[in-house]
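Asks: Have a look at this one.
The values are calculated or read from the model by the stated rules, or taken from the named source; none is laboratory data. Worth saying up front: this structure is predicted, and the values here are computed from it rather than measured. Using ideal geometry, Cβ is built from the backbone for each residue, glycine included, and neighbour counts are taken over all protein chains shown.
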Amino acid sequence: MSERTPAVRMEHLTKTYHSDDDEDKTALADIDLTVETGDIFGIIGLSGAGKSTLVRCINGLEDYDSGSVKVRGREVKDLSPAELRDLRRRTGMIFQHFNLMPSRTVADNVGLPLRGSGRDRASRRARVSELLELVGLTELADHYPAELSGGQQQRVAIARALANEPDILLSDEATSALDPTTTRSILQLLRDLHDQLGITVVMITHEMSVIRQICNRVAVIDQGVIVEQGRVFNVFADPKAQLTKSFVATTSNLDKVKDLMAADSPLVALEPGQILMRMSYVSKEVSEALVSTISRRYNLDVNIIFGDIDVVEGAPLGGLVVRMGGDTENIRQAMEYLRSRNIGIEVLKS
């Protein structure tokens, strides 16, 4: 696949479900979306937003009414049955509920896609062993799914999805049934596999924390419409759509200041000459010790009430809530200085 050819390109994609009672439902409306080769691309929305329909259009499990879906440069609806089978072989998929066969061992589950692949038995066994080592389950090869934890079962499902060496991996709510610690370990595994194998990953989720941890690009879908998309850092730092803002708020503790203010907490009580201010990273181009800089340069007392800073795409993202006191003009100059350094400023209370 040429580097210039996107892994997935959707243009004006529309999909409507028709019913006998004439209550048609538009699942996807005029979708434009590009997943570049090597992306970890997140698609996030509420239940029923059209996420799963969209991902099923990628591997040809769902037809579409109009528009275009190209995978590796080929229009999906124009593929012959044999070409569709090849598309699905080269496009692995993992699901929320693992979809393992309970009567088969871990090794047999992983090896299922290799049947009919033209490999002999020894080659299939070697491939299964390689995959189990890749996902850290070598010692569980002869166990059955019921004997495994949820995280281990999802690792089996990931190994199975990689059996035929796909270059695209679709993940449909693959961590939704897992606890937070296991979710982090599965996402780290997917990140490692992406880096090691050079695979393109499309993540379908309703959790912004998943997007924040693993993805480089994200699209937000609401009732079948893409309302916002872009690089993860940019979308988190400056969300535009109301749905995106609500998703981003679920991953940050900074909004807790509003609860403290509503409760008239002593933490946010101000003395004369003080302000309560939220500082937010809105650009990757921030590397200075800003709190100490403004304290010294403008002779201010800056008390950090609390903060929430993470590293996304190699840059700090999040911010601080601070109580700042000093001369009014010095405070104004400090705020201007912070804005000039790509820090978002919001005065919450004065």
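Asks: What do you reckon, is Leu243 out of contact with any strand residue (DSSP E or B) (no Cβ under 6 Å at 6 or more places or on another chain) and assigned to a helix (DSSP H, G or I)?
Replies: no
Asks: Further question on the same structure: Within the range 5-32, which residues are surrounded by fewer than 20 Cβ atoms within 10 Å (Cβ to Cβ) and closer than 29 Å to Leu187 by Cβ?
Replies: Listed by number, the residues that qualify are Thr5, Arg9, Asp32.
Asks: A further question follows. Could you list, in sequence order, the residues of the range 73-129 that are more than 23 Å from Pro6 (Cα to Cα), without any contact (Cβ under 8 Å) to a residue 40 or more places away in the chain and surrounded by 14 or more Cβ atoms within 10 Å (Cβ to Cβ)?
Replies: Thr105, Ala107, Asp108, Arg119, Arg124, Arg125, Arg127, Val128, Ser129
Asks: Just to be sure, is Glu228 modelled with pLDDT of 95 or more, touching a strand residue (DSSP E or B) at 6+ places or on another chain (Cβ under 9 Å) and of a type in the set (Asp, Glu)?
Replies: yes
Asks: I would also like to ask the following. Give the residues of the range 293-323 that are among the hydrophobic types (A, V, I, L, M, F, W, C), outside any helix (DSSP H, G or I) and touching a residue at least 40 places away in the same chain (Cβ under 8 Å), sorted by residue number.
Replies: Of everything in the range 293-323, those that are among the hydrophobic types (A, V, I, L, M, F, W, C), outside any helix (DSSP H, G or I) and touching a residue at least 40 places away in the same chain (Cβ under 8 Å) turn out to be Ile305, Phe306, Val312, Ala315, Leu317, Leu320, Val321, Val322.
Asks: Here's another thing I want to ask about it. When you go through Glu147, Glu133, Glu139 one by one, which is the residue that is within 19 Å of Leu197 (Cβ to Cβ) and either charged (D, E, K, R) or surrounded by 15 or more Cβ atoms within 10 Å (Cβ to Cβ) (or both)?
Replies: Exactly one residue qualifies, and that residue is Glu133.
Asks: Then there's this: I'd like to verify a number: residues in the range 305-335 that are in contact with a helix residue (DSSP H, G or I) (Cβ under 7 Å, 6 or more places away or on another chain) and more than 21 Å from Val248 (Cβ to Cβ), how many?
Replies: 2
Asks: What's the number of the condition Gln152 fails, among (1) without any contact (Cβ under 8 Å) to a residue 24 or more places away in the chain; (2) part of a helix (DSSP H, G or I); (3) surrounded by fewer than 16 Cβ atoms within 10 Å (Cβ to Cβ)?
Replies: The failed condition is (3).
Asks: Based on what the data block shows, is Val210 farther than 18 Å from Pro166 by Cα and at pLDDT below 95?
Replies: yes
Asks: Considering each residue of the range 155-170, count those that are within 24 Å of Ser103 (Cα to Cα) and surrounded by 18 or more Cβ atoms within 10 Å (Cβ to Cβ), and give that number.
Replies: 9
Asks: I'm checking my understanding of the structure. Among residues of the range 1-54 that are assigned to a strand (DSSP E or B) and among the polar types (S, T, N, Q), which one is nearest to the chain's Cα centre (by Cα)?
Replies: Thr34
Asks: Next up: So which residues in the range 261-292 are in a helix (DSSP H, G or I) and free of Cβ contacts under 8 Å to residues at least 24 places away in the same chain, if there are any at all?
Replies: Ala262, Pro266, Ser292 - these are the residues of the range 261-292 that are in a helix (DSSP H, G or I) and free of Cβ contacts under 8 Å to residues at least 24 places away in the same chain.
Asks: Restricting attention to the range 234-252, which residues are without any contact (Cβ under 8 Å) to a residue 12 or more places away in the chain and surrounded by fewer than 15 Cβ atoms within 10 Å (Cβ to Cβ)?
Replies: Correct list: Gln242, Lys245, Ser246, Ala249.
Asks: Another question, then. Which is over 25 Å from the mean Cα position of the chain (by Cα) and within 18 Å of Ile199 (Cβ to Cβ), of Pro113, Pro81?
Replies: Residue meeting the stated conditions: Pro113.
Yes/no per residue for (1) outside the structural domain of Asp39 (by TED's automatic domain parsing); (2) surrounded by fewer than 16 Cβ atoms within 10 Å (Cβ to Cβ); (3) among the aromatic types (Phe, Trp, Tyr); (4) modelled with pLDDT of 85 or more:
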residue	(1), (2), (3), (4)
Lys284	yes, no, no, no
Glu288	yes, yes, no, no
Asn299	yes, yes, no, yes
Val311	yes, yes, no, no
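Asks: While we're on this one: Being over 11 Å from Ile44 (Cβ atoms) and assigned to a loop (DSSP other than H, G, I, E, B) is the filter here; which residues of the range 215-233 pass it?
Replies: Asn216, Gln223, Gly224
Asks: Read through the list (1) under 33 Å from the mean Cα position of the chain (by Cα); (2) over 12 Å from Ser280 (Cβ atoms), then give the number of the only condition that Gly307 fails.
Replies: Here Gly307 clears every test but (2).
Asks: Within the range 253-267, can one find any residue that is surrounded by fewer than 20 Cβ atoms within 10 Å (Cβ to Cβ), of a type in the set (S, T, N, Q) and at pLDDT 90 or above?
Replies: no
Asks: Can you spot a residue in the range 186-202 that is under 15 Å from the mean Cα position of the chain (by Cα), assigned to a loop (DSSP other than H, G, I, E, B) and either under 15 Å from Gly38 (Cβ atoms) or among the hydrophobic types (A, V, I, L, M, F, W, C) (or both)?
Replies: no
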